[in-house]
Amino acid sequence: MLECRNVDAGYGKVQILHGLDFVVPTGGLSAILGSNGSGKSTAMKTVAGLVKPTSGEILLDGHRIDELGAHSMAAEGLSLVPQGKEVLAGLSVEENILVGAYHRRKDRHGVAEDLEMVYQEFPRLRTRRKAAAGLLSGGERQMLSLGRALMARPRMLLLDEPSAALAPKVVGEISDIIRKLRGRGLTMLLVEQNVSMALELADEIHILREGRFAYSRKNGPDVDIEELREFYLGKGRS
Amino acid sequence: MRTNLSLLLLLAILMALVPSVLQGGYFVNVAIVVCIYVVLAASLDLVMGWTGMYSFAHAAFLGVGAYTAAILGRDLGTSFWINLPAGTLVAGLFGLLLGLPSLRAQGHFLAIMTIAFQTVVYLILAQWTDFTGGQYGISIDPIEGFGSLSAYFYLVLGVTVVALIVIRLLTGSRFGDALRAVRDDETLARTIGMNTNAIKLIAFAISSSLAGAAGVLSAYHIRGVTPDDYTVMTSASIVTMVVLGGRGRFWGPILGAALLVLLPELLSGLADYKHIFFGALLIAVIIVAPQGLAGTLAQRRAK
Amino acid sequence: MALLPQFLANGVVIGSSYVLVALGLTLIFGILKIVNFAHGEFYVLGGYLAVLGSQLLGFPPLPALVLVIVCMAAFGWGVERFIFLPIGKHDPTNVIIASFGLSILLQNVFLKVAGPEPMIAKSGLPAGAIRLGSVFLTSERIAIVAAAAVTVTVLLVVLRFTWVGLSLRALSENATVARISGINVRRVAVVTFMIGSSLAGLSGALMSSVFMVQPGGGVLVVMKAFIVVVMAGMGSIEGAIVAGLGLGVVEALVTGYLGSEMRDIIGFLIVIAVLAVRPQGLFGLKTERS
Amino acid sequence: MATLFETAKAVALGLSLTALSAPAVHAEQLKLGVLLPLSGSASLAGTSIREGIEFAIKTANEKGGAFGEPVKVFIEDDEGNPTKGVTAVRKLVEQDGVVAISGTYVSAVAAAETKVAREYKVPMVSAGSTSSAVTDANTAGDPWFFRAFPGSVAQGRQTAEDTLNRLKAKKTVVLFENSIYGKSLADQFKKDYEAAGGKILSMESYNPGEKDFYSTLTNVRAQAPDAVYIAGLMDSGAQIIKQSGELGIKIQIVGSGSMMSDKLIELAGPASEGFAVSSMFEPSTPNKHGAEFAKAFRAAYGKDADVYSALGYDSMSTLIEAARRAGKPDGAAIRQQLMKLGDFPLVQGPDGTTAKFDEKGGVAFTIGLAIVRNGKRVWMPFD
């Protein structure tokens, strides 16, 4: 479904990503692991259209999306779920959810239906729908971001460190939700620092180091966790 | 750093030749105004460029310095040599006063507070007639021994060079590092144990005291003070000089001040259209050289 | 105390004019983070367009206002496209300096084209004093209060209950979230600027029949509008209403009871005091910054 | 935008001036400087004064200029700012080689400029600055700054007497612009009005550019004076008159010298009825020389001359006349002749007014009273 072909990207003159190359098949869940500064959040921004690749191509279902710009991605069926702190703090919870449906605002009926669906999925958001999003807890904000992304009726979700700065119990809840959404056929790309979460959810695991994939392998019982940790920490061979 | 200072001295020597090479008071007069604005812009840059705080109140300190000199001269009959340090000191104290809100407000909010401060100072100068002379202002006698324009120019040039050396030494020292630390990440600066409040206050105090010195110089230049020289428009022009020249760089504000004083003189041939042209030029330079002229030049050289 | 009702009425009228002028400024300020120093000249341009429409072309009041709004929207588009877009996000002070340049440019273009003498627009409203008890007003002054109320209501409804409003507010909160939600930030910026300059022009047009239009008339206006916007909290419409009316009433009372010398001093001292206590403004949300 | 046309005309006039003075660079050519605020808030006055000055040059050059050459003029915009003004004086004298200056309008700026001009031995003739403080700073018998019309002392005194005696107002409220111009007139008015037995109920200042006077006027109404005296510029004056009408204040309003114009009547509307100004010039002046000027000005510019154009005209013509009499382009010589110009007629003042400068550089003549009647300016003759 999503294909990155030899993508370079960076900010200004600083190149961060070097020849990123991977595929996420329809219905699949790929994880990109990496420590701070490895370039994983740049990778996510590049796929989401927030950063323009300097070379290479990004394709969704076979056609190029790397020149569209971030605001067109929702209409393409690609929704980014940013880290929990990225909410519209001064707007109400409901407005935060609704804004996700911006590109299909003419479909009044469908939007109302989806809003109800999100509230059923996340009952806690319903109870706080009038509150300013800035007042929510970290877990609630993460759910809010997920809810907003779902309002776009995406075919694919880009999850940017959903476990960041959350308590272990909340991380478990988020994992459950991700699993459930996957069950409905959503394709996903997950960027994480949390290795065990990635191992638990992903079909395929990539480890990013200094802007290059140092490790790419199918996830399964035969993955050597020790080896993986070594790559993650930068000791392994590439 | 050494090249900067030797370049400065070279420039000062070149400037010192102005009266003898370019015969006539007009050029000397323009050179004096350039010097005064160089001190103003360079001192504002301590706060704006180095510490990252907006201030639209620099002309208020210019005024405080000028009025201190004028009032002391009128009431106590003190000479320039007492009035210059006094004006510097009093302006510095006012700077501490304005520094206080900067401990809380930031960005646009600080900018508005400084505009408010500037306006209050202006209104006091204009309306406290018994003390400031109100709209009539106060007249000032020439300095003994510096009655001629070129003699006064050498005095102004001397003060300017001293002020610039002070600024250069400060920004090149550990204090300069502290200013930059506050600008780049105040929270971080605080976590590593810097007293950011004290740093900001000192920056404001030094910056405004230098503006006060410039005020004394300008008062003796015009031979008097009237409130309309110290409005928010003057402040905005000084900010423009700093931004146009390039913030946080030694040569930036100097370049900006020289350019903005000289430009209207060069443009006077355009007569009625000079302000329209000036406004358009300002916009164009900001678009073409967003980091200021000095910043853009440095970048070109780095390429 | 017998004069109090008149002072209050004066304060409400002037305060409403502050609110009107501040609306456009606070939108552009709050959503695009652009400090438009030339807002006062936009206001003056609106006044001149009203004179053009009502005097020279002989339009009735409403078509003249439509002319002002259309022209100002187009003007705002041009300014955004050719000045603020090229400057981009480099630095807020650059934006201030550029708009300062624009302000000088416009003032002197006005001086050149329209001349230094003041002009006055025809409102088409009945002239002469209206007496309400001990309070004297004119229909034009009452129209300012009404226009401010209508404009504020329309603006609040648009912002709260429409998709355009949601997109504007989303952008003012977080550009990244707005973009990934499918909002075209470029288009919103243009729309915001067009609305903001129309509002400036509209207030200038309305005020041009009560006060006069002069090339330098925008300087004091923009100062007052900035005070209102900052006291209110960036982008807060509700705050602008409170701060604008509050400033107008305080000024009227100070002028009435202490004399007009004290008015501006006290106005600015209040600004300093408010910001010293609440640096984010009266209605500004103190949100965390990452 | 009628002014577009006027601007075009002024430009055309300016061009013809330049064309006339094309055969430039001659040692004996008379070069004069003009300093005026042509941008900024004082440009309203500056632009009008410039028209009078340019008309004086045109008239002089049509009559052969000076020393057999057309008079050449250099105009600098001092923006109403002392720092700019001081630089501009040096530029005029050194770069352009002017030997005398007509300027400037803002009194504080004129004071700063004349200090410098004097060092160059360049005399200045006020182009509208009213404050007597500037001429008072002259050494008696040795003036370098001249004013071809009565300063704030005489203007304030005349207005005080007229308000009390001719307009029969015993109690007056004073509103003045917070500038040297407004304050010097207001202070003088108070002094003479009280000395003559009138009562000042209150003095209140306003900032230049102020637009809303409702609260101030509400207080004025409560004090129930016989008259309000406004010392300020035309734009604020028009606002005050208009708003007084809206507040139902029906009392005599008296303005300062520069306020009377058709524009004011247009801006203030019906409320301007009865508005009075102690004026030094009106197009309907009984001064024969002045009436000729008014007629010629109207023919050239297509509009009536006002106080500003009249004083600009007088300022420049006295300078040119003094230079002609001096016989050479020399500042000190021109100044000597200025001091002996007692027979040279002025367009301002009553018939027979001449440029008889006193030892402080001022001129004294009786100031008349102009009143708005039926929407027209009516001239109450000098008495």
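The values are calculated or read from the model by the stated rules, or taken from the named source; none is laboratory data. Keep in mind that this is a model prediction, so the values were computed, not measured. Backbone-built Cβ (ideal geometry, glycine too); neighbour counts: all protein chains shown. To get the accessible areas, we keep the full protein, side chains included, count just its heavy atoms, and leave off ligands, DNA and RNA. Shrake-Rupley method; radii C 1.70, N 1.55, O 1.52, S 1.80 Å.
In region C:150-169, what count of residues is obtained for those that are over 22 Å from the mean Cα position of the chain (by Cα) and either open to solvent by less than 10 Å² (accessible area, probe 1.4 Å) or facing another protein chain (nearest Cβ under 10 Å) (or both)? Looking only at that region, the number is 2. Scan region D:206-252 for residues that are within 19 Å of C:VAL221 (Cα to Cα), touching a residue at least 40 places away in the same chain (Cβ under 8 Å), in a loop (DSSP other than H, G, I, E, B) and more than 7 Å from chain C (Cβ to nearest Cβ) and jot them down. Across region D:206-252, the qualifying residue is only D:PRO208. Within region A:81-95, if we keep just the residues that are within 17 Å of A:LEU157 (Cβ to Cβ) and open to solvent by 20 Å² or more (accessible area, probe 1.4 Å), the residue that is modelled with the lowest pLDDT turns out to be A:GLN83. Taking region A:1-120 and the strands (runs of 3 or more DSSP E) fully enclosed by it, the elements with 2 or more residues that are in contact (Cβ under 8 Å) with a residue 40 or more places away in the chain and over 27 Å from A:PHE231 (Cα atoms) are at A:55-60, A:78-81.
Filtered by the rule that a residue be out of contact with any helix residue (DSSP H, G or I) (no Cβ under 7 Å at 6 or more places or on another chain) and within 23 Å of D:ASN178 (Cα to Cα), region C:238-267 gives C:TYR257, C:LEU258, C:GLY259. Looking only at residues in region D:318-372 that are within 23 Å of D:PRO286 (Cβ to Cβ) and of a type in the set (Gly, Ala, Ser), the one that is surrounded by the most Cβ atoms within 10 Å (Cβ to Cβ) is D:GLY349.
One residue alone among C:ILE69, C:ILE142 is open to solvent by 60 Å² or more (accessible area, probe 1.4 Å), away from every other protein chain (no Cβ under 13 Å) and of a type in the set (Val, Ile, Thr), and that residue is C:ILE69. The condition of being assigned to a helix (DSSP H, G or I), more than 14 Å from chain B (Cβ to nearest Cβ) and either under 15 Å from D:SER129 (Cα atoms) or touching a Cys at 6+ places or on another chain (Cβ under 6 Å) (or both) holds for only one of D:ALA45, D:ALA56, that being D:ALA45.
In the set (1) closer than 19 Å to D:ILE371 by Cα; (2) touching a strand residue (DSSP E or B) at 6+ places or on another chain (Cβ under 6 Å), the condition left unmet by D:GLU161 is number (2).
Yes or no, residue by residue, for (1) open to solvent by less than 40 Å² (accessible area, probe 1.4 Å); (2) in contact with a Pro (Cβ under 7 Å, 6 or more places away or on another chain); (3) part of a helix (DSSP H, G or I); (4) more than 23 Å from B:ARG104 (Cβ to Cβ):
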{"site": "B:PHE153", "(1), (2), (3), (4)": "yes, yes, yes, yes"}
{"site": "B:VAL156", "(1), (2), (3), (4)": "yes, no, yes, yes"}
{"site": "B:VAL159", "(1), (2), (3), (4)": "yes, no, yes, yes"}
{"site": "B:VAL166", "(1), (2), (3), (4)": "no, no, yes, yes"}
{"site": "B:ASP177", "(1), (2), (3), (4)": "no, no, yes, yes"}
{"site": "B:ARG183", "(1), (2), (3), (4)": "no, no, yes, no"}
{"site": "B:ILE199", "(1), (2), (3), (4)": "yes, no, yes, no"}
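All of D:GLY97, D:GLY103 fail the test of being touching a Lys or Arg at 6+ places or on another chain (Cβ under 6 Å) and either polar (S, T, N, Q) or more than 9 Å from chain B (Cβ to nearest Cβ) (or both), apart from D:GLY97. Each residue in region C:93-139 was checked for being under 18 Å from C:GLY53 (Cα atoms) and more than 7 Å from every other protein chain (Cβ to nearest Cβ), and 7 of them qualify. A single member of B:ILE206, B:ILE287 is of a type in the set (Val, Ile, Thr), at pLDDT 85 or above and over 30 Å from B:ARG74 (Cα atoms), and it is B:ILE287. If you go through region C:215-239 and pick out every residue that is within 11 Å of chain B (Cβ to nearest Cβ), at negative phi and not in a helix (DSSP H, G or I), you end up with 3. Can D:LYS115 be described as open to solvent by 10 Å² or more (accessible area, probe 1.4 Å), touching a Lys or Arg at 6+ places or on another chain (Cβ under 7 Å) and either over 29 Å from D:GLY327 (Cα atoms) or without any contact (Cβ under 8 Å) to a residue 40 or more places away in the chain (or both)? For D:LYS115, the condition - open to solvent by 10 Å² or more (accessible area, probe 1.4 Å), touching a Lys or Arg at 6+ places or on another chain (Cβ under 7 Å) and either over 29 Å from D:GLY327 (Cα atoms) or without any contact (Cβ under 8 Å) to a residue 40 or more places away in the chain (or both) - is met. Scanning region B:96-109 for residues being open to solvent by less than 30 Å² (accessible area, probe 1.4 Å) and more than 8 Å from every other protein chain (Cβ to nearest Cβ) gives a total of 3. Is region C:170-191 home to any residue that is surrounded by fewer than 23 Cβ atoms within 10 Å (Cβ to Cβ), within 29 Å of C:PRO116 (Cα to Cα) and either touching a residue at least 12 places away in the same chain (Cβ under 8 Å) or within 14 Å of chain A (Cβ to nearest Cβ) (or both)? Scanning region C:170-191 turns up no residue that is surrounded by fewer than 23 Cβ atoms within 10 Å (Cβ to Cβ), within 29 Å of C:PRO116 (Cα to Cα) and either touching a residue at least 12 places away in the same chain (Cβ under 8 Å) or within 14 Å of chain A (Cβ to nearest Cβ) (or both).
D:ALA133 meets the conditions (1) in a loop (DSSP other than H, G, I, E, B); (2) open to solvent by 10 Å² or more (accessible area, probe 1.4 Å); (3) of a type outside the set (S, T, N, Q) in every case but one. The failed one is (1).
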